[in-house]
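The structure under discussion appears below in the form of structure tokens.
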Amino acid sequence: MSAERPLLDGPPAGMSEGDRELLATARSVLDGHYRAGVHEVAAALRLADGRIVTGLHVEASAGRASVCAESAALSAAIVAGSPVLSVVGVLRRPTGTRHLIEPCGVCAELLGDHAPEARVWVAVGDAFEAVPVHQLLPFRRRRSARPAGA
């Protein structure tokens with residue numbers, strides 16, 4: 001098994017037609033807006049009503065002010081008012097290689113709060129698979145004052 005993230009050279013084995021559409025959409029967003037060090041990740045989310053919403057990574061000079069593609073797309077999903085069913089994120093390296101990328105810890109927490117049953121594509125060893133969002137952070141804590149799904 002390689003220590004490097006596996007290359008994305010086409011849709012992964014077992015990826016449904018709907019998730020292939022998400023992959024193509026995320027790649028298209030990234031192709032249209034990629035800037036090294038500024039816009040390196042795009043995400044596409046399938047909503048229960050069939051719509052697709054997207055987000056683009058926006059890097060800031062002050063790291064915490066940066067916005068991840070998954071959280072931007074999740075915000076669009078919440079505004080759209082339809083539950084999230086599936087998540088696909090694509091990373092482009094400055095060398096031009098593309099990779100499926102799982103949400104960072106902050107985005108995994110946000111998705112866990114708002115779309116815990118959605119499936120998200122992740123790298124597993126040298127391959128890819130879809131897992132439920134709630135599996136991304138198996139030991140996550142929830143503030144006791146905040147109800148599940150709120």
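Observations on the model:
- The chain, helix-only ellipticity at 222 nm - DSSP H runs n ≥ 4, -39,500 (n - 2.57), divided by all residues, nearest 500: -8000 deg cm²/dmol
- 0 to 90° range, to nearest 10: angle between helix 69-80 axis and the chain longest Cα axis: 50
- Annotation for region 7-49 versus region 78-109: alpha-carbon center distance of 8 Å.
- Taking the C-alpha atoms only, the angle from helix 105-114 to the longest principal axis of the chain is near 50 degrees.
- Percent of C-alpha pairs per 5 Å bin, region 69-120, short to long: 5, 20, 30, 22, 12, 7, 4, 0
- Computed over the alpha-carbon pairs of region 19-135, the distance histogram in 5 Å steps reads 2, 13, 24, 26, 20, 11, 3, 0 percent, short to long.
The numbers here are math on the coordinates, done by the rules we state, and not lab data. Please read these numbers as outputs of a predicted model, since none were measured by experiment.
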